[in-house]
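Colleague: Right, I'll just put the structure down here and ask away after.
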Amino acid sequence: MSILVKGLTKTYDGQKALNNISFEVKKGEILGFLGPNGAGKTTTMKILCGYLLPDSGIAEISGLSVFEKSLEVRKKIGYMPEHNPLYLDLYVHEFLKFAGKLCGLKGNDLMTRIKSVIELTGLGPEQHKKIAMLSKGYRQRTGLAQAILHNPEVLILDEPTTGLDPNQILEIRSLIRDLGKEKTILFSSHILSEVEAIAERVVIINKGNILADDQINHLKQSENASPILILHMEKPGFDFSSFVQIPGFDRVEQVNPLEFKLYTTGAVDLRKAVMEASIQQDNPIRSMTLESSSLETVFRELTQSGGK
């Protein structure tokens, strides 16, 4: 087992940031670690990296205790925090050389690894620029290059795509998938579509408690997975005010003047109500499709209900 968390508890000023949480990440697996702000994700990651000590519990990396074998564990981990700590006055190649020396790399081994990670992360055209001159996307790439420079077995990435534009997100997403072919990866993200695209399994945490630990496709078929009704109307201006009275109705999302997405908090079928409303409003339905749930709806249902 590459990552083992068992019974971790951490309290700040009397408030439990982690409440006896447990999960595992197998070798070669990419695990999405999800939760609202303040859920306990970053605290867990910092404990796994040896930055924080818990009140109680066990944390292991590749079979080694994070607390008893801290230096050995850190050699096996590549960590990229949410706010990427880079030396902006250094050039990219210079920064990686400095970071490599801190990891104990020397001579030809150091230069070979720098060349390898620059190629892997696509930093070639930017390697002789100062980090302060880089775009946000290339700064994230530089942080990833630093995290994998010593060729760790495990990568822990805290919000690796934060602040990126859609094109940059796709680039970093592709890079993480490529890294996952050889390494175990635990990463957190607020972009749930991104998690679906990268990981097969997720752990969802809220208020220090784990609410779900399962394959994404299983979660989307669970009792917490509410179907979405996709609705195309003949005319704009459809009135959904009466739907607020329907038990289980959550919200409506307008895609364009004629297309809507209706969300529920459970296995509530709104098709009959939509048909009746369309007749009353003299607004015929072009099409009505019941779509399987997304990870987003499962996440909302779990974190808003407490997982019950």
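No lab work stands behind these numbers, since they all come straight from the coordinates. Note that this is a predicted model, so its numbers are computed, not measured. Ideal geometry is used to build each Cβ from the backbone, glycine not excepted, and the neighbour counts take in all protein chains shown.
Colleague: Enter the angle in degrees (range 0 to 90, nearest 10) between the Cα long axis of helix 107-121 and the first principal axis of the Cα atoms of the chain, meaning the one along which they spread out most.
Modeller: 10 degrees
Colleague: Straight-line reach from residue 26: which aspartates and glutamates have Cα under 16 Å away, leaving out those fewer than 8 places along the same chain?
Modeller: Correct list for residue 26: 60, 153, 182, 200, 213, 214.
Colleague: OK, next. Measuring from label point to label point, each 7 Å out along Cα→Cβ, what is the residue 304 to residue 120 span in nm?
Modeller: About 4.1 nm separates the two model spin labels.
Colleague: In nm, give the distance between the simple-model label positions of residue 151 and residue 53, each being 7 Å from the Cα along the Cα-to-Cβ direction.
Modeller: 3.4 nm
Colleague: Kindly rank 269-276, 185-192, 101-108 from highest to lowest mean number of other beta carbons found within 10 Å of each residue.
Modeller: 185-192, 269-276, 101-108
Colleague: Sticking with this one: If the only charges are +1 at each Lys and Arg Cβ and -1 at each Asp and Glu Cβ, what is the size of the charge dipole of the chain around the Cα centre, to the nearest 20 debye?
Modeller: Around 1080 debye, computed over the chain.
Colleague: Please compute the modelled spin-label separation between residue 259 and residue 275, points set 7 Å along Cα→Cβ, answer in nm with one decimal.
Modeller: 2.4 nm
Colleague: Based on other C-beta atoms within 10 Å, arrange 109, 13 from fewest to most.
Modeller: By the 10 Å Cβ count, ascending, the order reads 13, 109.
Colleague: Right, another one. Over the alpha-carbon set of the chain, work out the extent along each principal axis and list the three values in angstrom, largest first.
Modeller: Here the Cα extents, ordered largest to smallest, are 78, 46, 34 Å.
Colleague: If you restrict to DSSP beta bridges whose two residues both lie in the stretch 3-215, what percentage is antiparallel, to the nearest 5?
Modeller: 55 percent
Colleague: For a protection proxy built on the mean count of beta-carbon atoms within 10 angstrom, sort 2-10, 23-31 highest first, please.
Modeller: Output ranking for 2-10, 23-31: 2-10, 23-31.
Colleague: Another question, then. Using only Cα atoms and rounding to the nearest 10 degrees, what angle (0 to 90) does helix 92-102 make with the longest principal axis of the chain?
Modeller: Between the helix axis and the principal axis of the chain, the angle is about 60 degrees.
Colleague: Using alpha-carbon positions, what is the distance between the centroids of the stretch 66-131 and the stretch 1-59, in Å?
Modeller: For the stretch 66-131 versus the stretch 1-59, the Cα centre distance is 25 Å.
Colleague: Expressed as an acute angle from 0 to 90° and rounded to the nearest 10, what is the orientation of the C-alpha long axis of helix 295-305 relative to the principal long axis of the chain?
Modeller: Helix 295-305 and the main axis of the chain meet at about 80 degrees.
Colleague: Could you give each residue of the stretch 232-247 its phi-based ³J(HN,Hα) in whole Hz, using Karplus coefficients 6.51, -1.76, 1.60 with θ = phi - 60°, and x for Gly or Pro?
Modeller: Going residue by residue, I get 10, 9, 6, 10, x, x, 5, 9, 9, 4, 6, 6, 4, 7, 7, x Hz, with x marking Gly and Pro.
Colleague: Cut-off under 29 Å on the C-alpha distance; same-chain residues fewer than 8 positions from residue 97 excluded. Which lysines are left, in chain and number order?
Modeller: 27, 46, 69, 75, 76, 106, 115, 129, 130, 136, 181, 183
Colleague: What list do you get for 88, 64 if you sort them by fewest beta carbons within 10 Å?
Modeller: Fewest to most other Cβ atoms nearby, the residues stand as 88, 64.
Colleague: So between residue 288 and residue 239, what do we pick up on full extension, going 0.36 nm a residue minus the alpha carbon distance?
Modeller: Length gained between residue 288 and residue 239: 16.0 nm.
Colleague: Quote the FRET efficiency, to the nearest 0.05, computed for residue 16 versus residue 213 with a Förster distance R0 of 30 Å and r equal to the Cβ-Cβ distance.
Modeller: 0.95
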